[in-house]
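Novice: Sharing a structure below in structure tokens format, with a few things to ask.
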Amino acid sequence: MIAVPTRADRVATSPLGRANPLATLAIAIAWLVALATTTDVRPPLLVTAVAIAAALALGRVPPADLARGLAPLWLAALSVGFFNAVLSPANADPTATVVLAFGPLRLTEPALAAGIALGLRVVAIVAVGVAWSRITDPTHLTDALVQQGRLADRFAYGALAALQAIPWLAEDLVALREARRMRGLRSTWHPRVLVGLLVLAIRRGDRLAVAMDARGFTAAGRTRYRIVRWATLDTVVVLAGLAVLAGIVALR
Amino acid sequence: MSSAPIAGPAVPEARWRTRDIVVTAVIGVAFGVVFWAWGLAWSPIEAALGPARFLFYAVWLVPAVLAPLIVRRPGAALFAEMLAAAVSTLIGSQWGPDTLLSGFVQGAAAELVFAFTLYRAWSFPVLALAAIASAAAAWVHDWVLYFPQIDPAAIILFGVLMAISAVAIVAGGSLFLVRALRQAGVLEGFPGGAP
Amino acid sequence: MGLAAEGRAGPVAVVARDVAVAYAGRAEPAVAGVSFDLAPGACLLIVGPSGSGKSTLARAVAGLVPWSVPGRLGGLLQVDGIPVGGPDPGALVARVGVVFQDPSSQLVMERVEDDVAFGLEGRRWSRPAMGGRVPAALAEAGLPGFGRRRTARLSGGEQQRLALAGAFAPRPGLLVLDEPTANLDPPGAAAFGARLAAIRDARSATIVLVEHRAEIAWPLADLVLALGADGRPLALGTPDVLLTRHRRALADAGVWLPDEPFPPLPADGGDGDGSPGGAPRLVEARRVGFAYARGLPVLVDVDATVAAGERVALLGPNGSGKSTLARLLVGLLRPTAGSVRLAGRDPARVAARDLARLAGYVVQDPERGFLADTVEGEVLAGLTPAERASAGDVAAALGLPLDGFGARNPYLLSGGEQRRLSLVSQLVRRPRLLVLDEPTFGQDRRTYAGLLALLREQLEGGAALVAATHDLRFAGDVAGRTIRLAGGRIAEGAP
């Protein structure tokens, strides 16, 4: 059986894929926090550009995949931009230049600028979000959390095992909603669907827990099949991230 | 929706069994899946609501109250909420680390309320308080990150609406769900499963 | 006592004396009075009807009761001399590997090799030893080279073989398997059975097997324990002894026995040519294709018709598209190519209210279809007042009279009762077409016979039946015609 490198493997072996997920996560969060402190349009543009470029070049994320992840972004950015602009207190300021007046609505220049800046902030956050999600392998993240983050391993691997149930819970949800249609009920969303899903989920959780116990999950002193060590690559990634952070601060 | 106090065991069992860990996690995962599926259909409307999107959002806070109500152990709120966030990060993952951040603050806020009661009080007022705390965390997060330029009066208004919907949907919903789950017999062996 | 060193020891003995097991919160034991001596390397097969406590006993033997599965253990049960329910459950975990019934609920990690290694990590194997053992265990389980694959993408049969690899990798002295092929199609079950046979022939572990599929299980057994519906032993002995002396009793108790021929399969036919005397066509699928967004096509160019009152079996292995076609026929999915017509209308566009009266759809797992918290609520959901009046009769006819069962919670019913409730909830509207998705998986002989009787009776009224199934016996018993699918297309020719 020939092992054909899959798309996921290409990402996993890329520089960003091999980097410690805790490092990339810390950087991503640092950028988010820094973005929250500015309403200049340049920092979010910088972050967006870096995130997308890094994902494509250093993460080997397929462009189509990245584009698909970014697709919902426009709606969210427009929504945030719109509300910030329209509900800004600057609109009530009589000294500000009016850009648009429509009935009782007054849109002033500073409010519009703020709206654009915040819309761009959303673009940046989503770009970082999609890029990070696409380069991060959940198992790798869990290993790093346990081995470097000192997270209790029963919780970390218990969580990882529960995440494996996602496809089946999604099917259960579809089946529960289809059942409502087949009984002549037009609304396929109902609290009972949630009850049904939780019943199936808890039963599945019970089975999973027994299976894990049967494989020695609760024994003390578990050994490790995969080791995560801090490498030079990780230091490089952190330094690069700090450089971008400095850029954000400088551009404010 | 009962307002009678629901007493927990006299000395809360602090040690997590495998079953407690996995079931708490899976509850978070189930909500993550629901949130994703619902979002597929409703995201245009959610975007159109802007800061009032919390009206849809409330479902996502339920694990932070439901899971502790079932397993009654320290850390359940945070753990379940982080799992729901992890699911959102993995599928439909446009928000990435921001989702994890949201999940963390929302879970931690509810956790603080339960910790304050030493994990012994599970009556409706306590659940409502945890729900409000969680919603408040979400409110602050959204305000700082996404809606900092909005008139503070509007923000306050949205905050009040979020608190009300949190109490109804999150606290009320958790009680409804626990009762339904208990009647279905899946909560045997959990502290929250004893009527 | 600690955990085992890396793979030595060899098969272990299991001793049971008057063992009883009760689940937490239940007064009555699920199984009681069990005694046997199982020599190292031997294989014990546990058989019995549904509800006879086979799984409960298997879990107890695996050492999982009471520390992981809450419950009470009575009598003496020892594995390798270590008492079950004693102070050191870890010692038992070190010696036992378990394979459970549901393949997907045993998947713990995202990649195959990590999943196998999971059990080794728990038994404290060193990293170099794990590195060598994981590929070897995969090869032994019939999954060579699968290490980097994603567990979620494996077929059910592959997932079960993965579970076997994971259970067997630490070289346990005892291997316990609880209905391992129940959720698999015949090819998957056969592949699993072959791997298990190899382990059993090598006598590298003692085996305790709970299994319905007689043709796989009985040839492997050195000792057979038959449990009755009350959870008490009916018979214990070698396969020959049980088959010669107790055959009748076992069959009556609901146990599937080997060497029982299946009824002949009806003729193949994609369109309604074989239909009874020119009955009008109820379902027409023309050149139907289906693919999920961005996915590979599941169905390609499928033609199928069903006449009113006809009984058709959709046959094919898992992944051949049977379930998808079944859902297309009732409009739960829209075809991406071609068309489907149900009573002349496109079922995907029919309003829910009308669709429910045209067709009923019974899923494999009844709990995926429950809408209410009482049986009565379940039966009456979505019914018009006129229909409510007769609903009680339908329920009673299927053994769930509303005055007895009405207030009970559907999730608390037994498996057989849940199945009947599923059927009732679809039949109350007297639909013209009834579609069943894998109606017989994991059923014992008696519930199977009951299902057949129910279907024949209820379909007297002229409804058509389409059953998507991989159970050839059921197809032979029920269907007048078969439609065979392979790889998403209609397959021609003999089985």
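FYI, it's all coordinate maths here, none of it is from the lab. Since we're looking at a predicted model, the values are computed, not measured. FYI the Cβ positions are ideal-geometry reconstructions off the backbone, even for glycines, and counts take in every protein chain you see.
Novice: Mind checking which of A:Leu32, A:Leu78, A:Leu87 has the largest fluctuation in a GNM of chain A, springs on alpha carbons under 10 Å?
Specialist: Largest GNM mean-square fluctuation: A:Leu87.
Novice: Tell me the volume per residue, in Å³, of the convex hull enclosing the alpha carbons of the stretch C:14-253.
Specialist: In the stretch C:14-253, the Cα convex hull volume per residue is 115 Å³.
Novice: If I take all pairs of Cα atoms in the stretch B:45-138, what percentage of them are more than 18 Å from each other?
Specialist: Beyond 18 Å sits 42 percent of the P(r) for the stretch B:45-138.
Novice: Measuring from the lowest to the highest alpha carbon on each principal axis, how far does the stretch C:272-490 reach, largest first, in angstroms?
Specialist: 49, 42, 37
Novice: Could you tell me how far the Cα centroid of the stretch A:55-87 sits from the Cα centroid of the stretch A:122-197, in Å?
Specialist: Taking the Cα centre of the stretch A:55-87 as reference, the centre of the stretch A:122-197 is 21 Å away.
Novice: Give the Rg/Rh ratio for the protein assembly as shown, taking Rg as the radius of gyration of the Cα atoms and Rh as the Kirkwood radius, to two decimals.
Specialist: Reported Rg/Rh, Kirkwood definition of Rh: 0.98.
Novice: Just the Kirkwood number for the stretch A:149-227, please: inverse of mean 1/r across all distinct Cα pairs, in Å, one decimal.
Specialist: After inverting the pairwise mean of 1/r, the radius is 14.9 Å.
Novice: For Cα pairs less than 8 Å apart in space and 6+ apart in sequence, what is the mean separation divided by the residue count of chain A, i.e. the relative contact order in percent? Write down the numbers at each step before the final one.
Specialist: Working: 238 pairs, mean separation 75.9, N = 252.
Relative contact order comes out at 30 percent.
Novice: On to the next question. Mind checking the alpha-carbon convex hull of chain B and giving the volume per residue in Å³?
Specialist: Considering the Cα atoms of chain B, their hull volume per residue is 112 Å³.
Novice: Report, in whole Å, the centroid distance computed from the Cα atoms of the stretch C:395-454 and the stretch C:311-390.
Specialist: What the calculation gives is 15 Å, centre to centre.
Novice: Write down the percent of antiparallel bridges among all DSSP beta bridges whose residues are both part of the stretch C:14-253, to the nearest 5. Don't skip to the answer; put the middle values down first.
Specialist: Numbers: 20 of 37 bridges.
For the stretch C:14-253, the DSSP antiparallel bridge percentage is about 55.
Novice: Let me know the Rg and Dmax you get for the stretch A:96-180 when you use only its Cα atoms, in Å.
Specialist: 22.8, 60
Novice: For the stretch A:182-247, what Kirkwood radius comes out of the mean inverse Cα-Cα distance, in Å?
Specialist: On the way: mean 1/r = 0.0568 Å⁻¹.
Result for the stretch A:182-247 stands at 17.6 Å.
Novice: Continuing with this model, one more query. Given the options B:Ala47, B:Ala168, B:Ala64, which has the most mean-square fluctuation in a GNM of chain B, springs set between C-alpha atoms less than 10 angstrom apart?
Specialist: Maximum among the listed residues: B:Ala47.
Novice: Then there's this: Distance in nm between label sites at A:Ala26 and C:Ala337, each 7 Å beyond Cα in the beta-carbon direction?
Specialist: Between A:Ala26 and C:Ala337, the simple spin-label model gives 5.3 nm.
Novice: On average, how many beta carbons from a partner chain sit within 10 Å of the beta carbon of a residue in B:174-183?
Specialist: 3
Novice: Further question on the same structure: Just to verify a number: FRET efficiency for A:Thr37 and C:Asp365, C-beta to C-beta distance, R0 = 56 Å, to 0.05? Walk me through the intermediate numbers first.
Specialist: Values: r = 51 Å, r/R0 = 0.92.
With R0 = 56 Å, the Cβ-Cβ based efficiency is 0.60.
Novice: So which DSSP H runs in chain B come out at 30 Å plus along the axis (Cα) with average Kyte-Doolittle of at least 1.0?
Specialist: Numbers: long enough: B:18-49 (42 Å, 1.36); B:124-145 (31 Å, 1.58).
Membrane-span-like by this criterion, though nothing is claimed about a membrane: B:18-49, B:124-145.
Novice: Quick one: if the Förster radius is 51 Å, what FRET efficiency do C:Arg294 and C:Arg232 give, using the C-beta to C-beta distance and rounding to 0.05? Please report the intermediate quantities before stating the final value.
Specialist: Working: r = 54 Å, r/R0 = 1.06.
Approximately 0.40, to the nearest 0.05.
Novice: How big is chain A along each principal axis, measuring the range of its Cα positions in Å and listing the largest first?
Specialist: Cα extents, longest axis first: 72, 61, 37 Å.
Novice: Just to be sure I understand the model, the point goes 7 Å from the Cα along the line to the Cβ. What's the resulting A:Ala240 to A:Leu56 distance in nm?
Specialist: My value for the distance between the label points is 1.5 nm.
Novice: Okay, moving on. In sequence order, what are the phi-derived ³J(HN,Hα) couplings for the stretch C:241-252 according to the Karplus relation 6.51 cos²θ - 1.76 cosθ + 1.60 with θ = phi - 60°, rounded to whole Hz, with x for glycine and proline?
Specialist: In residue order, the calculated couplings are 4, 5, 6, 7, 8, 10, 3, 4, 4, 5, 4, 5 Hz.
Novice: Antiparallel as a % of all DSSP beta bridges within the stretch C:272-490, to the nearest 5?
Specialist: 45 percent
Novice: Report, by chain and number, residues whose modeled amide H sits under 5 Å from the one on C:Arg111, excluding near sequence neighbours (fewer than 5 apart, same chain).
Specialist: HN-HN under 5 Å from C:Arg111: C:Thr151.
Novice: So, in Å, what gap is there between the alpha-carbon centers of the stretch B:91-166 and the stretch C:68-115?
Specialist: Cα centres, the stretch B:91-166 to the stretch C:68-115: 41 Å.
Novice: Any idea how far apart C:Ala251 and C:Ala486 come out in nm if each label point goes 7 Å out from Cα toward Cβ?
Specialist: Placing both labels 7 Å along Cα→Cβ, they lie 3.4 nm apart.
Novice: Ignore the peptide's own chain and count Cβ atoms of other chains within 10 Å of each Cβ in B:145-158; give me the average, rounded.
Specialist: 6
Novice: Here's a follow-up. Starting from the Cα coordinates of chain C, work out the convex hull volume and express it per residue in Å³. Each step should come with its number before you reach the end.
Specialist: Values: hull volume 75.2 nm³, N = 495.
It comes to 152 Å³ per residue, whole-number rounded.
Novice: Over the protein assembly as shown, what is the percentage of antiparallel beta bridges among all DSSP beta bridges, to the nearest 5?
Specialist: Bridges in the protein assembly as shown are about 55 percent antiparallel.
Novice: From largest to smallest, what semi-axes in whole angstrom does the stretch C:282-340 give when each is the square root of 5 times an eigenvalue of its alpha carbon gyration tensor?
Specialist: Ellipsoid half-lengths, sorted descending, are 19, 13, 9 Å.
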